[in-house]
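Novice: Below you will find the structure I want to go over with you.
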Amino acid sequence: MKPIVIFGAGDIAELAHYYFTTDTKREVAAFSVDGAFLTTPEFHGLPVVAFEDVEARYPPEAYEFFIALSYSGLNQLRREKYLAAKAKGYSLASYLSSHATILNDGRIGDNCFILEDNTIQPFVVIGDNVTLWSGNHVGHHSTIHDHCFLASHVVVSGGVEIGESCFIGVNATLRDHVKIGAKSVIGANALVLADVEPEGVYIGAATERSRVPSSRLRKI
C-alpha cells in the first residue's frame, strides 16, 4: 500500500490523520493545501506542501491522496479537489473504520470516509467521495451516489437512492424506497416520506425555548 498525502490542514484533515494512523496500517506522508493557504511548513510533524507542486515531491506513482474536506458549498469544494487529484494521476484512498459493520461486499468507491458505528447492510452501493460520519444506518439495497455527506445518526431505510452531492443532517430519517434528488439538503431531524426533487431543501423544526426558566423547575 502506498503512503498517503492528505489534502487539508484543518479539523477533518487532523481526524483523517488520526484514523489512518491508529486504525489502519497506512502511512501518512504529508499534507497538502492550495498554495494561497499555505501558512505553515508542518502539520502534525509532517510536511505541508502546495497542491500546485505536490506531484514533484510526492509523485502519483508512489503515493495516494485523500481529500479531507467537509460538506462546504454543498460538497462542491471536496468534489473539485477530488477531481483535481485524479487529474494529477493520483489514486484516492478510502478509510473504512474497523468499528463499522460493513456487509455490502466492498461496494464502496474511492476517497470515502466511513467512521465508527456505521451499519451498512447487504446490497448497498456507495459511490466515490462519500462521507458517513459516525453512527448511521444505511439499509439494504440503498444507493448513495458520489460526493455525498451524511452526518451522524441518519437512518436510511431500505431501497433508498440518494443523488449526487447531497447533504443529510444529524438524526434525519429517510423512509424506504424514497429517492433524494441531486444536490438536496435534508436538515437535522427531518423526516422524509416521499421523493425529493433535485436541489430540495428540507429543514426540521427547531425546539422552542420554554417560557419557564430553568430556575423554576422543581425536577430536572
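Novice: Could you rank the peptides 27-40, 102-115 by their average count of other C-beta atoms within 10 Å per residue, with the highest value first?
Specialist: 102-115, 27-40
Novice: Run the dipole for segment 1-155 about the Cα centre, Lys and Arg Cβ at +1, Asp and Glu Cβ at -1, nothing else charged, and hand back the magnitude in debye, nearest 20.
Specialist: Computed about the Cα centre, the dipole is about 220 debye.
Novice: Further, regarding this structure: Which angle between 0 and 90 degrees, to the nearest 10, do you get for helix 76-87 versus the longest principal axis of the chain when only C-alpha atoms count?
Specialist: Here the helix axis deviates by roughly 30 degrees.
Novice: If I take all pairs of Cα atoms in the chain, what percentage of them are more than 21 Å from each other?
Specialist: I get 56 percent for the Cα pairs in the chain exceeding 21 Å.
Novice: Only sites in a loop by DSSP and with at most 10 other Cβ atoms within 10 Å count here; which GluC sites (Glu not before Pro) in segment 136-220 make the cut?
Specialist: Those satisfying the criteria are GLU208.
Novice: What's the local net charge at GLU27, with K and R +1, D and E -1, over the other residues with C-beta under 12 Å away?
Specialist: +2
Novice: Further, regarding this structure: Taking the alpha-carbon centroid of each part, what is the distance from segment 108-175 to segment 14-32 in angstrom?
Specialist: Distance between centres, Cα-based: 22 Å.
Novice: If each of THR119 and ALA56 carries a label point 7 Å out from its Cα toward its Cβ, how far apart are those two points in nm?
Specialist: 5.2
Novice: Taking the Cβ of PRO41 as the center, what net charge do the other residues with Cβ under 14 Å away carry, scoring Lys and Arg +1 and Asp and Glu -1?
Specialist: Net charge around PRO41: -1.
Novice: Okay, moving on. Each residue of segment 36-44 in order: what ³J(HN,Hα) in whole Hz does its phi give by Karplus 6.51 cos²θ - 1.76 cosθ + 1.60, θ = phi - 60°, with x for Gly and Pro?
Specialist: 3J(HN,Hα) across segment 36-44, in whole Hz: 5, 10, 7, 10, 9, x, 9, 8, 6.
Novice: Another question, then. Which semi-axis lengths, in whole Å and largest first, follow from the square roots of five times the eigenvalues of the Cα gyration tensor of segment 121-220?
Specialist: 30, 14, 12
Novice: Next question, about the same structure. How would you order 141-150, 10-19, 182-191 from highest to lowest mean count of nearby Cβ atoms within 10 Å?
Specialist: 141-150, 182-191, 10-19
Novice: For the chain, report the accessible area per residue in Å² (1.4 Å probe, heavy atoms, rounded to an integer).
Specialist: 51
Novice: Count the net charge of all other residues whose Cβ sits under 13 Å from the Cβ of GLY200, scoring Lys and Arg as +1 and Asp and Glu as -1.
Specialist: -1
Novice: For ARG107 and THR39 in the same chain, what is the full-extension length gain: residue separation times 0.36 nm, less their Cα-Cα distance, in nm?
Specialist: Stretched fully, the ARG107-THR39 segment lengthens by 20.7 nm.
Novice: Something else: Please list, in order along segment 152-163, the HN-Hα scalar couplings obtained from phi with the Karplus expression 6.51 cos²θ - 1.76 cosθ + 1.60 (θ = phi - 60°), rounded to whole Hz, x for Gly and Pro.
Specialist: Once rounded to whole Hz, the list reads 6, 6, 7, 10, 9, 6, x, x, 7, 10, 10, x.
Novice: Determine the order of PHE66, PHE43 by accessible area, beginning with the largest, at a probe radius of 1.4 Å.
Specialist: Largest accessible area first, the list is PHE43, PHE66.
Novice: Let me ask something else. Which percent, to the nearest 5, of DSSP beta bridges fully inside the chain are antiparallel?
Specialist: Percentage antiparallel, nearest 5: 5.
Novice: Antiparallel as a % of all DSSP beta bridges within segment 15-116, to the nearest 5?
Specialist: In segment 15-116, approximately 25 percent of DSSP beta bridges are antiparallel ones.
Novice: Can you give me the % of accessible surface on the chain that is carbon or sulfur? Probe 1.4 Å, all protein chains present, nothing else counted.
Specialist: Its accessible area is 52 percent carbon and sulfur atoms.
Novice: Where does helix 11-23 land angle-wise versus the long Cα axis of the chain, in degrees 0 to 90, nearest 10?
Specialist: The angle comes out near 80 degrees.
Novice: Something else: Lys/Arg Cβ at +1, Asp/Glu Cβ at -1, dipole of segment 106-220 taken about the Cα centre: which of HIS145, LEU115, GLY169 is farthest positive-ward?
Specialist: GLY169
Novice: Segment 65-152: percent of C-alpha pairs farther apart than 17 Å?
Specialist: 43
The values are calculated or read from the model by the stated rules, or taken from the named source; none is laboratory data. All of these numbers come straight from a predicted model, not from anything done at the bench. Heads up, the Cβs are rebuilt from the backbone with ideal geometry, glycines too, and the neighbour counts pull from every protein chain shown. We work out accessible area using only protein heavy atoms, side chains counted, and drop any ligands, DNA or RNA first. Shrake-Rupley method; radii C 1.70, N 1.55, O 1.52, S 1.80 Å.
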